[in-house]
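Working notes, beginning with the structure itself.
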Amino acid sequence: MIYLDYNATTPLDSRVFEAMAPFMTQHWGNPSSPYSFGNQARIAVEKARARVAECMGCKPSEIVFTSCGTESDNLALRGVAQALARCGNHIVTTAIEHHAVLNTCKALEAQGFQVTYLPVGSDGVVRLEEVEKSLRANTILISVMHANNETGVLQPVQQIAALAKKRGILFHTDAVQSAGKVPISLCSTGADLISISGHKIYGPKGTGALFIRQGISLQPLFTGGPHERSLRAGTENVAGIVGLSHALALAMESAESEARRLQKLRDRLEAGIRAAVPRIRINGESAPRVPNTSSISFESVDGESIVLSLDLRGIYISTGSACSTGDPEPSHVLLAMGLSPKEAQGSIRISLGKHTREEDIDATVEALAETVKRLRGISSIENTVPAR
Ligand code: PLP
């Protein structure tokens with residue numbers, strides 16, 4: 001098989017699995033237990049916290065472990081909204097966020113919060129002026145993702161963080177798709193809250209973390225015990241936390257060289273597709289992007305049909321976000337970039353990862369060229385139906 005959907009999820013790194021295994025079979029004590037057997041698990045959780053903090057460039061006490069990127073986003077948005085409700089009720093985000101943020105904002109709107117969904121340019125980038133214009137006296141939070149999951153386009157989070165700081169507003173960034181892909185410590189962006197997820201970086205599914213800058217108080221999502229400084233009740237997923245920390249450390253170790261390698265492969269992919277398939281567009285091409293992601297629109301073809309056709313050949317790509325699979329609506333990200341619903345529906349996402357090789361790229365380009373040609377042939381037959 002050729003797997004080119006690394007933005008949906010990644011395989012567990014065998015080194016991560018090895019690090020996790022003892023905490024499922026040997027050191028399975030409860031980290032909150034008072035005896036030494038439980039303490040082994042507590043030590044592992046705290047070592048993992050220190051490792052994540054080192055990778056992100058913050059203090060261990062600023063990391064809270066969660067069950068996934070979605071929970072981290074929820075904790076950041078709902079946590080700030082509830083904690084600061086008396087100071088204001090306006091939140092600023094963008095039209096291209098992941099549903100973990102968008103649907104949380106919608107839920108907050110139903111509770112009486114006001115949310116501004118900022119537009120992006122045709123390159124997929126939100127403009128700083130738009131962020132600045134949207135701010136009000138009652139704005140309590142700005143949430144702008146670091147890298148978009150469909151296009152890979154990077155947002156100007158450093159500048160937004162600086163603006164937010166100047167105006168005394170908290171800034172959250174969803175870094176689920178940039179963690180380990182950009183060779184910077186995420187806290188150097190200046191964000192106050194940063195979400196990450198384990199399964200996008202060759203770590204275990206069902207793991208995540210939220211960086212919460214010291215001094216910020218959040219309302220927790222759950223009621224329960226005092227775990228994670230009372231910010232995330234529930235017995236810790238010790239093996240998962242150990243796995244997440246190893247995965248992040250490994251990703252950061254190779255981030256620079258892997259970024260260079262993937263950039264070359266993506267250039268090869270995009271050049272190959274451009275040479276072999278007429279009437280295409282690469283979305284967000286002119287903007288800075290994470291090096292592994294390519295969003296491509298094909299005229300007169302349905303993206304879903306391309307995905308299904310390639311599936312039959314053992315090549316796995318997607319039409320966009322894995323969370324929207326089965327959703328007949330065109331991508332909200334591509335619509336926000338100005339694509340028509342038809343163009344958006346004729347789009348696919350190819351995301352590369354550490355097992356991707358040149359021969360995978362070449363085989364995919366060849367398969368895509370044949371598939372699109374065949375599908376366009378069928379669709380041109382349909383197009384011969386006379387207009388009424
Ligand atoms: N945010 C972004 C940008 C994502 O791409 C994803 C997953 O695709 C998430 C959040 C949700 O992460 P998780 O699957 O860990 O809940």
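Things to note:
- Only residues that are assigned to a helix (DSSP H, G or I) and either of a type in the set (Val, Ile, Thr) or within 31 Å of the chain's Cα centre (by Cα) (or both) were counted across region 20-43, and they come to 8.
- Of residues in region 86-103 being touching a residue at least 12 places away in the same chain (Cβ under 8 Å) and away from the ligand (no atom under 16 Å from the Cβ), the one farthest from Glu150 (Cα to Cα): Cys87
- Contacts under 6 angstrom Cβ, first residue in region 47-58 being over 13 Å from Ile241 (Cβ atoms), partner assigned to a helix (DSSP H, G or I), 6 or more apart: Cys55/Leu248; Cys55/Ala249; Cys55/Met252; Met56/Leu186; Met56/Cys187; Gly57/Cys187; Gly57/Ser188; Cys58/Cys187
- Members of region 28-78 that are within 16 Å of the ligand (Cβ to nearest atom) and of a type in the set (Asp, Glu): Glu71, Asp73
- Glu97 in contact with a Phe, Trp or Tyr (Cβ under 9 Å, 6 or more places away or on another chain), assigned to a loop (DSSP other than H, G, I, E, B), buried (at least 24 other Cβ atoms within 10 Å of the Cβ) and not hydrophobic (A, V, I, L, M, F, W, C): yes
- Filter pass, Arg49 being out of contact with any strand residue (DSSP E or B) (no Cβ under 8 Å at 6 or more places or on another chain), of a type in the set (D, E, K, R) and more than 30 Å from Ala367 (Cβ to Cβ): no
- Extreme residue, farthest from the ligand (Cβ to nearest atom), among residues of region 183-203 that are surrounded by 21 or more Cβ atoms within 10 Å (Cβ to Cβ) and part of a loop (DSSP other than H, G, I, E, B): Asp192
- Tally, over region 1-27, of residues that are within 16 Å of the ligand (Cβ to nearest atom) and of a type in the set (D, E, K, R): 1
- Within region 275-312, tally of residues that are part of a loop (DSSP other than H, G, I, E, B) and either under 17 Å from the mean Cα position of the chain (by Cα) or farther than 12 Å from Thr371 by Cβ (or both): 12
- Summed over region 132-154, residues that are surrounded by fewer than 24 Cβ atoms within 10 Å (Cβ to Cβ) and β-branched (Val, Ile, Thr) total 2.
- When the residues of region 204-228 are filtered to those that are hydroxyl-bearing (Ser, Thr, Tyr) and surrounded by fewer than 22 Cβ atoms within 10 Å (Cβ to Cβ), the one that is farthest from the ligand (Cβ to nearest atom) is Ser217.
- Failed condition for Pro22, given (1) surrounded by fewer than 19 Cβ atoms within 10 Å (Cβ to Cβ); (2) touching a residue at least 40 places away in the same chain (Cβ under 8 Å); (3) over 25 Å from Val153 (Cα atoms); (4) of a type outside the set (A, V, I, L, M, F, W, C): (2)
- Flag for Ile241 being in a helix (DSSP H, G or I), in contact with a helix residue (DSSP H, G or I) (Cβ under 8 Å, 6 or more places away or on another chain), free of Cβ contacts under 8 Å to residues at least 40 places away in the same chain and of a type in the set (A, V, I, L, M): no
- Lone qualifier among Gly124, Gly112 - being within 16 Å of the ligand (Cβ to nearest atom) and at positive phi: Gly124
- Residue that is away from the ligand (no atom under 12 Å from the Cβ) and farther than 20 Å from Ser72 by Cα, where the choices are Leu135, Leu141: Leu135
- Within region 155-181, the set of residues being within 14 Å of the ligand (Cβ to nearest atom) and surrounded by fewer than 21 Cβ atoms within 10 Å (Cβ to Cβ) is empty.
- Test result for Glu256, modelled with pLDDT of 95 or more, in a helix (DSSP H, G or I) and either surrounded by fewer than 20 Cβ atoms within 10 Å (Cβ to Cβ) or in contact with a Pro (Cβ under 8 Å, 6 or more places away or on another chain) (or both): yes
- The set of residues in region 207-223 that are touching a Gly at 6+ places or on another chain (Cβ under 6 Å) and either under 30 Å from Gln263 (Cα atoms) or not polar (S, T, N, Q) (or both) comprises Thr207, Gly208, Leu218.
The values are calculated or read from the model by the stated rules, or taken from the named source; none is laboratory data. Since we're looking at a predicted model, the values are computed, not measured. Every residue, glycine as well, gets a Cβ built from its backbone with ideal geometry; the counts of neighbours run over all protein chains shown.
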